[in-house]
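*Asks:* Quick one: this structure, given as structure tokens, is what I'll be asking you about.
The values are calculated or read from the model by the stated rules, or taken from the named source; none is laboratory data. Since this is a predicted model, take the numbers as computed values, not measurements. Glycine gets a Cβ as well: all are built from the backbone with ideal geometry, and neighbour counts include every protein chain shown. Remember, those area values only see protein heavy atoms, side chains included, never the ligands or the DNA or RNA. Shrake-Rupley method; radii C 1.70, N 1.55, O 1.52, S 1.80 Å.
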Amino acid sequence: MIRPLCKSGSIEWTQHAMSRMDARGIEQQEVEDALLSGETIEAYPNDTPCPSYLVLGKNGLHVVCGIGMGRLWIVTAY
């Protein structure tokens, strides 16, 4: 479900993600590349307000994202 939402551009960038990415020098395209190329290494189906996932991209980037309301929510990246 992560890849199709990412490919379709159904992405919401949280303020937290944007500030952390800015502090770490991570670009939005790098996050999208990680989501499209990576694998889910942890799943948190009971997280609220929506299930979340930790993805490790082939570019070495870790991305925490959630899926809810038909959107992919970027929580943070490191």
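*Asks:* I want to confirm something. Restricting to the range 12-45 and keeping residues that are of a type in the set (A, V, I, L, M) and open to solvent by less than 60 Å² (accessible area, probe 1.4 Å), which single residue is farthest from MET69 (Cα to Cα)? Spell out the reasoning first.
*Replies:* Just the residues of the range 12-45 that are of a type in the set (A, V, I, L, M), to begin with: 17-18, 21, 23, 26, 31, 34-36, 41, 43.
Applying the additional criterion that residues be open to solvent by less than 60 Å² (accessible area, probe 1.4 Å) yields 17, 21, 26, 31, 34-35, 43.
Numbers: ALA17: 18, MET21: 24, ILE26: 26, VAL31: 20, ALA34: 22, LEU35: 19, ALA43: 18 Å.
Per the stated criteria, the residue is ILE26.
*Asks:* Across the range 46-78, which residue is surrounded by the most Cβ atoms within 10 Å (Cβ to Cβ) among those that are among the small types (Gly, Ala, Ser) and touching a residue at least 40 places away in the same chain (Cβ under 8 Å)?
*Replies:* Residues of the range 46-78 among the small types (Gly, Ala, Ser): 52, 57, 60, 66, 68, 70, 77.
Right, trim to touching a residue at least 40 places away in the same chain (Cβ under 8 Å) and you get 70, 77.
On the way: GLY70: 8, ALA77: 24.
So the residue we want is ALA77.
*Asks:* So, one more: How about the range 45-70: which of its residues are closer than 20 Å to PRO4 by Cβ and assigned to a strand (DSSP E or B)?
*Replies:* Those that are closer than 20 Å to PRO4 by Cβ and assigned to a strand (DSSP E or B): SER52, TYR53, LEU54, VAL55, LEU56, VAL63, VAL64, CYS65, GLY66, ILE67, GLY68.
*Asks:* Quickly run through the range 27-45 and pick out the residues that are under 20 Å from SER8 (Cα atoms) and without any contact (Cβ under 8 Å) to a residue 24 or more places away in the chain. Talk me through it step by step, then tell me what you get.
*Replies:* Taking the range 27-45 and keeping what is under 20 Å from SER8 (Cα atoms), we get 27-40.
Those that are under 20 Å from SER8 (Cα atoms) and without any contact (Cβ under 8 Å) to a residue 24 or more places away in the chain: GLU27, GLN28, GLN29, SER37, GLU39.
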